Amino acid sequence: MRLLLLAVALGGAAFAQAPAEAPAPPVEAPAADAAPARAAIDPSDLIGSPAGPPLTGAALKEQTHAVSKLLRCPVCQGLSVADSRAESALAMKAEVEDLVAQGYDTEQILLYFEASYGEFIRLEPKFEGVNVLVWAAPVLLLVVGAGWVLLSVRAAGRRANPGSGSAAAPTSANPVPTAPKADAPPADAELATYLRRVREENK
Amino acid sequence: MGAMLTSLAAALTTAGLPVDEAGAATVLGWLVVVLGLVALGLALRRTMNLKIWFGGLALAAPLVLVLGLAFQNDPHQIDSPLVGKTAPDFTLSPIDGSAPVRLSEQRGMPTVVNFWATWCEPCKAEHRTLVAVARRMEGKARFFGVVYQDEVAKIDAWLDKMGSAYPQLLDVGSKAAIAYGVYGVPETYIIDGNGVITYKFTGPVEAGALMQQLAPLVGS
């Protein structure tokens, strides 16, 4: 039983460590001879004006990376935009950098992409509705499980040390005592019944 | 049976669990299995430890239900938040070098915007469908192809082989793809005469479905 639990625990740990699948179909660089595209959603239409100051240099790179970590690469399996080398992810990262440079904060940028891609573009589910379960369930399970373990341990402790009657043999909580010794019935009633049955079978 | 599933699906959706008929069938099947296991436990209660039986059931049953429902969905089939909103504007250049096309100027008749690439296998079959429908709807609907993450030379070669019936625009830097929330190719957006997106196809379009979405918009 213990081996089984150990195997399950190791398997779970190994699974959690497994890197996410590599992304992307083969992609080519866009042609340099085409006129630059202007698609775009003017961010102020979607998310208003920047919440913070424009960033540059190291702060820009850091914040870009931080926000990219929260966005899902749309063509990958569970990779963030920061980690993926897919062209879609690189294009998104460029757009994140553009928005960060203008001074937009993390939540604004997430909303910007959410407007086009939907909530799935966020790597972490929002803490609302059914998603509350995703966040709350592990904590709940831990608390409930710990509580159960504690109660079981206490109950087992109580069974091993009954409050009254030390006349009973200390082995009363253990399985079958050796037949020749116990002529007087042990204090544990269940055990007494069992013992009686065994003796009758063995007659 | 079908009617029962439909009403069950509707009831569950309003109760906060959005499911379709397949989902309702899953929930029903799961309910039958759980009740069966409860009955089995009660029937065998003398020989079984009911605490373990029901405890295990209580832990496993919600998990099985959630997984059973969730695995029915393809995570890439996402409802686009853009449906019902004005199509994001873009100005892209056709690969044949003619004047840039601005989407917001294409009002007055329904527009079909198809995102594709030469490295996309399903786009080949879809292209024939789009060309056929584009020719059929000539004068009644506009078609635009938006090619992203690709090279002009490759696109030219591809179109020489596959034929062309409408302008192919190059999305430089995937900006249009990001604006439209493109999760992969092919994806096709149906835009009405007022510039509002009415439908998004994820995956290759089929002629019947395309006509079904396009026909009501003609004359809008």
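The values are calculated or read from the model by the stated rules, or taken from the named source; none is laboratory data. Since we're looking at a predicted model, the values are computed, not measured. Because the Cβ atoms are built from the backbone with ideal geometry, glycine has one as well, and the counts that use them run over all protein chains shown. Please note that ligands, DNA and RNA were not included when accessible areas were found on the heavy atoms of the full protein model with its side chains. Shrake-Rupley method; radii C 1.70, N 1.55, O 1.52, S 1.80 Å.
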_Condition check for A:Val134: open to solvent by less than 20 Å² (accessible area, probe 1.4 Å), in the same structural domain as A:Ser49 (by TED's automatic domain parsing) and outside any loop (DSSP other than H, G, I, E, B)_ = no
*Quick one: what pairs do we get from the stretch A:115-144, first residue farther than 19 Å from B:Leu63 by Cβ, second open to solvent by 80 Å² or more (accessible area, probe 1.4 Å) and part of a helix (DSSP H, G or I), C-beta under 7 Å, 6+ apart or different chains?*
A:Phe127/A:Trp135
*Please give the number of the condition B:Arg135 fails out of (1) open to solvent by 50 Å² or more (accessible area, probe 1.4 Å); (2) not in a helix (DSSP H, G or I).*
(2)
_Considering only residues that are in contact (Cβ under 8 Å) with a residue 40 or more places away in the chain and open to solvent by 20 Å² or more (accessible area, probe 1.4 Å), which ones fall in the stretch B:185-205?_
B:Val185, B:Asp192, B:Asn194, B:Val196, B:Thr198, B:Tyr199, B:Lys200, B:Thr202, B:Pro204
*Which residue out of B:Val182, B:Val113 is part of a loop (DSSP other than H, G, I, E, B), within 13 Å of chain A (Cβ to nearest Cβ), open to solvent by less than 20 Å² (accessible area, probe 1.4 Å) and under 27 Å from A:Phe113 (Cβ atoms)?*
B:Val182
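Please count how many residues of the stretch A:45-75 are assigned to a loop (DSSP other than H, G, I, E, B), open to solvent by less than 80 Å² (accessible area, probe 1.4 Å) and within 13 Å of A:Arg122 (Cα to Cα). I'd like the intermediate steps shown before the answer.
Kept after step one, since they are assigned to a loop (DSSP other than H, G, I, E, B), are these residues of the stretch A:45-75: A:48-56, A:69-70, A:73-75.
Within this subset, residues satisfying the condition of being open to solvent by less than 80 Å² (accessible area, probe 1.4 Å) are A:48, A:50-52, A:55, A:70, A:73-75.
Narrowing the set further to residues that are within 13 Å of A:Arg122 (Cα to Cα) leaves A:70, A:73-74.
Result for the stretch A:45-75: 3.
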